[in-house]
Each structure stands twice: as C-alpha cells, then as structure tokens.
Ligand SMILES: *Cc1c(COP(=O)(O)O)cnc(C)c1O
C-alpha cells in the first residue's frame, strides 16, 4: 500500500506552535489585541479598509447579510456551485437564496447574464463566489448591482491573494467574507473575516458579532468601559486570540504558499494537457496567475469516467473530492428550477490533491493515474 496523498493539508511549522503557546502564556484567549492586529494586517493585504474577524466564514457571511438588514421576503442571488454555507447564511436572516447558473464548464463562475435574469422586486443582494480561487466577473456584477441598487457580497472563502483586473478579492464587494478553516489557503482551524470599506456596515458587523453589546470584555478589561447596553439582537461570533495568532503567522507565509500553489497548478495543467482524453482543467494558464489556486478541479468527459477515476485514485491512496454537489439540489432548498450547466459540471468534476507542501513527485503520481485509467 503506497503512502496516502491527502486532498489538502495545512502548512504549519514551529512558528505557529510558538504563536499559540504565546497566547496561552499571555492569559488572554478571547478576542483582543491579536485579533485587532490580524484584522488590520489581513484587510490591508486584500486591499480593504477594515476587517472584522469572526468565528468562521459562515458566521462572517451571516454578519454580512444581517448588517444589510436582509429578512423574510428578500432574495439574494447566489451560485449553486458553492459550499452550502453561502446559501445557509442567507437563509439564517429569513431571506431566500435564489440560485444562478455558472458561465460554462470552462468558466465555472456565477454568470452575470443568469443573475440579470433572476433580478426582481425582492432582490436585495448578489453574492459571488470566487470558485477555486478564480475571481468572478465582478465588473459585470457591479454594473448590475449599481443599476438595480443591490448590495454586492464576495464569498471569498477560496480566495485570499486572488485578484482580477479590478483589484484583489476582498476589495471588490460591499462586504467580502473569507474562511480560515483547516482546508483553506490560510489556516487558523476555525475562523473567518469580513472586509469592507463601509464604516457603517463595519460598525454593525462588530456589534452583531458580540451580542449587540456596546462594549466588549476586552474594552472592559482595559478599563475603557464599565457597563454596556444591548442595542441589537446579536450573536456570539467572536474569534479567539489563538486563531488570530495563527492567522498572523499564516498571513506572513501566504505569498510563498500562493506561489507554490500556482506552480503546482501549472504542473497539473501542463501534465493534463498531454492527456486530453482524461478531461480538461477549467480556466486558463493566464488566469492561474491571478488565482489563489485553492483547489485543483478537473472536468472529465462523463459522470461515469469521473467516478471511475475517483475509484482508481482511492485504490492508489490518492484522496479526491467533488466541488461541489450543487446546493440547489439539496433537500433543504427544494423545490428549485434546474441549472443545467452547474449540474453537468458537478457530475463530471473531480478535485485533485493540492496544497503547498506537495512535492513535484506527488503531482506526477496523480498524473500517472490518468495513464493507468486510460490504458
Ligand atoms: C469553506 C467555505 C465556506 C464556509 O467557511 P467556514 O469558515 O468553514 O464557515 C463558505 N463558502 C465557501 C465557498 C467555502 O468554501
């Protein structure tokens, strides 16, 4: 039995262990100075004025939709080709997620034309997902959001360090939401962040993050406040200092981790171009250079071939996945209109291992699978 090749793995060294130990020794574990520093450094990295760290990206998305005052009767247009959290976070507010199709299997990003067709009197916002780390067409989506007076949100869970002609992911929406979950590009275990240039939305998200209280325990610890009022029905979406400390170390390594991800995607793309019968890699080599290369998707010719390839990979000790089961197909969101391009893509897509510590030989090992399967 050959060694297991995982789908993803965080890049941790002694620096992360030390940073966490420092927090433990400091005696202050909940949201405090490290959180503030990470918010400042991360938002600067993604080209945004403010950061609001949260306990997860799901929490960050909920804070974003809540700060926009969404509620029952409102609709938010989201892609179906995403993690379920994008749509769940809309539903937490009482609003309804409305699912838009993707452009094509080659460009599996929310289609602005499909979005336009779904805009109606109840539509309040559009939430784009930068699938696999490739930035959606934010220029076209911004034109729509301006024209119909809608909020534009980025679910940027895949995309710290990604950019488009318009600028970096994190600076292209009214609010952008990032994930630091264990399989994402920047890892703090659990954790997320909203970035925004809008002072009022930021104030609102900070309030809702901590129970709607006018002062946090860190304010009180520092003697900045003695009492507090509760002025909104908020949540406990606070991050911990342990996560913020990990985030600060990981942020320092992010450019190098991104460079390695892009290198690996380049190797995969070149290798897979030699076996076109196995399928194709979405997007283009030029777009890889602007992507955060979060996952490595391959579109196989058919659903049967996809499943055969996944079985062969499992036999060879290579972990694969599917991104994603379309969200509009889940029971909790039924009934829904069909989304043919999303459904076709999801039936044929397989996600191959990709993480910064992967060796060149690991990519070769995956590529050999195609030689075997096609033999
Ligand atoms: C991972 C992910 C989320 C949720 O992130 P958590 O931090 O795990 O809550 C949301 N949207 C997308 C597109 C994701 O990939």
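Please treat every number below as a calculation from the coordinates, not as lab data. Everything numeric here is computed off the predicted structure, so don't read it as measured data. Please note: Cβ atoms are built from the backbone with ideal geometry, for glycine as well, and neighbour counts cover all protein chains shown.
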task = For region 38-74 and region 98-148, compute the distance between their C-alpha centroids and round to whole Å.
result = 19
key: Cα-based helix-to-principal-axis angle, 303-315 vs the chain, degrees rounded to 10   = 80
key: Hypothetical label at residue 285: residues of region 345-375 whose amide nitrogen lies under 15 Å (7 Å Cα-Cβ projection)   = none
message = Quick check on the chain: of the DSSP beta bridges with both residues there, what percent are antiparallel, nearest 5%?
response = 55
query = What residue among 78, 332, 202 has the largest mean-square fluctuation in a Gaussian network model of the chain, using Cα springs under 10 Å?
reply = 332
ask   = Which of 180, 12, 83 moves most in a GNM of the chain, Cα contacts under 10 Å?
value = 12
query = On a 0 to 90 degree scale, rounded to 10, what angle separates helix 14-26 from the longest Cα axis of the chain?
reply = 20
note = Ordering 125-135, 334-344 by per-residue average of other C-beta atoms within 10 angstrom, highest first, gives 125-135, 334-344
Whether region 315-363 is rounded, prolate or oblate, judged on the alpha carbon gyration tensor where a/c under 1.5 counts as rounded = prolate
ask   = Fully extended, how many nm does the chain gain between residue 217 and residue 256 (0.36 nm per residue separation, minus their Cα-Cα distance)?
value = 10.4 nm
query = Under a plain spin-label model, where a point goes 7 Å from the Cα along Cα-to-Cβ, how far apart in nm are residue 84 and residue 113?
reply = 3.2
Distance (nanometres) between label positions extended 7 Å along Cα→Cβ at residue 26 and residue 146 = 4.2
task = Provide 345, 92 in ascending order of the number of other Cβ atoms located within 10 Å of each residue's Cβ, fewest first.
result = 92, 345
ask   = Which whole-number percent of Cα pairs in the chain have a distance greater than 27 Å?
value = 48
key: Mean projected area (nm²) of the alpha-carbon convex hull when region 158-291 is viewed from all directions   = 10.6
inquiry  = Apply the a/c threshold of 1.5 to the C-alpha gyration tensor of region 1-131 and tell me whether it is rounded, prolate or oblate.
reply    = oblate
ask   = What residue among 305, 232, 39 has the largest mean-square fluctuation in a Gaussian network model of the chain, using Cα springs under 10 Å?
value = 232
inquiry  = Need one number: % antiparallel among DSSP beta bridges in region 52-189, to the nearest 5.
reply    = 15
ask   = What spacing in nm lies between the two simple spin-label points modelled at residue 228 and residue 304, each 7 Å away from Cα in the Cβ direction?
value = 6.1
ask   = Based on the inverse mean of 1/r over its pairs of different Cα atoms, what is the Kirkwood hydrodynamic radius of region 275-375, in Å?
value = 14.9
ask   = When 284, 58, 351, 86 are ordered from fewest to most other Cβ atoms inside 10 Å of their Cβ, what list results?
value = 284, 351, 58, 86
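When a/c is below 1.5 the answer is rounded, else prolate if a/b is larger than b/c, else oblate, so apply that to region 84-124 with a ≥ b ≥ c taken from the square roots of the Cα gyration tensor eigenvalues.
Note, shape of region 84-124 comes out oblate.
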